[in-house]
Each structure stands twice: as structure tokens, then as C-alpha cells.
Amino acid sequence: MKYFFKMILVVMISVSSFANNYFDSSSLLNGKVNIDYSDEEDSGGFEGLEEEERPTSITFKYTDKYRVKRSFTIPVLIQNEGDPRPAEIATIEDRVVRETIREKAAAMLRYYNKAFSSYLEKISNDSGKIYELGNYYFVNGQYEKARDVFSKNITSIENLFGAATTNRFLGDYEAAIAYYSEVIYMNPNLPEPYLGRGICYRNKEKTREALADFLKYKSMKNSEEAYAALGNIYILRKDYSNAKFILNEGKLLYPKSKIISDLLVRAHGR
């Protein structure tokens, strides 16, 4: 469970947007350069080498816009402490977003996709490494990449929760609900999955299911988020009496909460 509680923060952060109708954006970018390079030459690579055999540079071959065959070399970056990505993957991710020549970017991406797929397959049975890599991409806003990583190993609660939350952030609420439900099945005593699943139900306008999950969450964790979630869902159900009651109760416990104050204004304005 040591990884799981880092991911819990993901749910907490999202609640600050409860006042919006649909706060989980489905148009978030994954940070990849979208270039059609299906006709490019293989750029080579060193996917099969052991860690100690990694070279200090990578050479790519490409054909320029005049159909002239060329090559270029980039140095492999020195990894920052705590960065779970292999050095060559980190290097290309850093370089490709700054590359202005389409053909060079295509060559790098061709190599990158093969190298990343190979590395992901290599660590697929290590739930800890999968979590660390998925969490890295998540906190850096690369939600599609994070989802791909978390989904590679869902044998642990940590990665199931990561897959659920990334799918929620990307607007795939059905998949997120399925993953959250699996987390709850594996450990029904964790409060956060109820909140995450409730948010999905809320965004799908299934307010009865959302209310049940938010009530369950509050029974387990009497937090600011619980009051905000319940106040919001009561407002959506036009149950303004209960909305005012729960939000006023929350205001007493969390007098500095902006989200509770904003929801109270909405509740009293109806």
C-alpha cells in the first residue's frame, strides 16, 4: 500500500473543481508529437541492450524533404534523481517536443515507440515499477501515457486506482467506474475509490449512484471533499434543503473552504 496513498492526492485535487458542471477534461494532451511517419526508415536503436551497455548517444537515420538520406546524433541525458524513465526514453521525450524538422521528429518517434513498448513489456510484471512510471506521467500531465502504463499491470490496487483515475481525467467514465469498482471489491475499506467513482457517476448524470458513493465516502472520511461532493450532488438533484444542511455543517468544520462557500451561495440562490 505504500504507493497508493500518493495517488490519493489525485482525487483530492479534482474535487476543487466541483462547482463546474464537468470538471474532468476529456481533451487533455498526452505530450506526444502527432506525426505520420509510416513511410520513414527504421532508425535503429538499442532496445535489447542491458542497462550497463547503454551508449551515451543515439544516432537516427531519416530522409529529408528532398529525399536525401541523412543522419543525426543526440546525447543521452543524465537522469534526474527519482525519474523512473529509462535514459533514452527520457532523452527522446525531452528532445522531440523541441524538434522543428518534421523528418527528424518522425525518426525519433519511430525509435521512441519501439523502445517504450519494449520497456513497458519488460517491466509489465513489476507492479511497483509500473506504478512509479505511470505516476510520473500522471503528475506531469501526460494522462493518456499514464493510462497506458497503469493498465499494463492491474494486479495491484495501486495500479488499478491509477488506471481508474487516469480514465476519469480523460473522460472515459465507464472504464474508470469499472476500475474503481474493482479496487472497492479488492479492498472495500478504502474511502477514496468511492469518491472517485462517485465523481464519474456525477459526470454521467447518474446522481442516485453518485449520492450513494459520496455518502459512503463521507461515512468513512469526514473530509472537506466529502461535504463538497455531497453539497454539489444535492444541488444537482435540486434537493436544496439537504444541500444547505450538509454544506452549513461542512462550513463549521472547514470555515476557510472556498469550494464549500461557493456551493453554499449556489444552494441559497435557488
Over the Cα atoms of the range 203-270 the radius of gyration and the largest Cα-Cα distance (Dmax), both in Å, equal 10.9, 31
Give me the extension gain from residue 248 to residue 236: residue separation times 0.36 nm, minus the current Cα-Cα distance, reported in nm with one decimal. 2.6 nm
Taking θ = phi - 60°, what integer Hz values does the Karplus form 6.51 cos²θ - 1.76 cosθ + 1.60 yield along the range 73-78, in sequence order, with x for Gly and Pro? 10, 10, x, 7, 5, 7
With a ≥ b ≥ c the root eigenvalues of the C-alpha gyration tensor of the range 182-231, is it rounded (a/c under 1.5), prolate (a/b larger than b/c) or oblate? oblate
What percent does the relative contact order of the range 114-206 come to when contacts are Cα pairs within less than 8 Å and at least six residues apart? 19 percent
So what does residue 139 come to for accessible area, using a 1.4 Å probe and Å² rounded to 10? 100 Å²
Of the listed pairs 61/114; 221/244; 218/258; 218/251; 218/256; 129/204, which have alpha-carbon separations greater than 23 Å here? 129/204
So how far apart, in nm, are the two label points at residue 117 and residue 79 if each is 7 Å from Cα heading toward Cβ? 2.3 nm
At residue 205 and residue 101, where each label point lies 7 Å from the Cα along Cα→Cβ, what is the point-to-point distance in nanometres? 5.2 nm
Looking at the range 156-251, which trypsin sites (Lys or Arg not before Pro) are in a loop (DSSP not H, G, I, E or B) and have at most 16 other Cβ atoms within 10 Å? 204, 206, 221, 237, 238
At a Cα cut-off below 17 Å, give the lysines reachable from residue 206, other chains included and same-chain residues fewer than 8 away excluded. 216, 238
Cα pair count fraction exceeding 22 Å, expressed as % - the range 143-270: 38 percent
Scoring the range 66-222 by relative contact order with C-alpha pairs under 8 Å, at least six apart, yields a percentage of 12 percent
How high is the relative contact order of the range 144-270? Use alpha-carbon pairs under 8 Å, at least six apart in sequence, and give a whole percent. 14 percent
Can you tell me the convex hull volume per residue for the range 74-182, based on C-alpha atoms, in Å³ to the nearest whole number? 104 Å³
Determine by what factor the alpha-carbon radius of gyration of the range 144-208 differs from 2.2 N^0.38 Å, reporting the quotient. 1.01
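The values are calculated or read from the model by the stated rules, or taken from the named source; none is laboratory data. This is a predicted model, so every value here is computed, not measured. Using ideal geometry, Cβ is built from the backbone for each residue, glycine included, and neighbour counts are taken over all protein chains shown. To get the accessible areas, we keep the full protein, side chains included, count just its heavy atoms, and leave off ligands, DNA and RNA. Shrake-Rupley method; radii C 1.70, N 1.55, O 1.52, S 1.80 Å.
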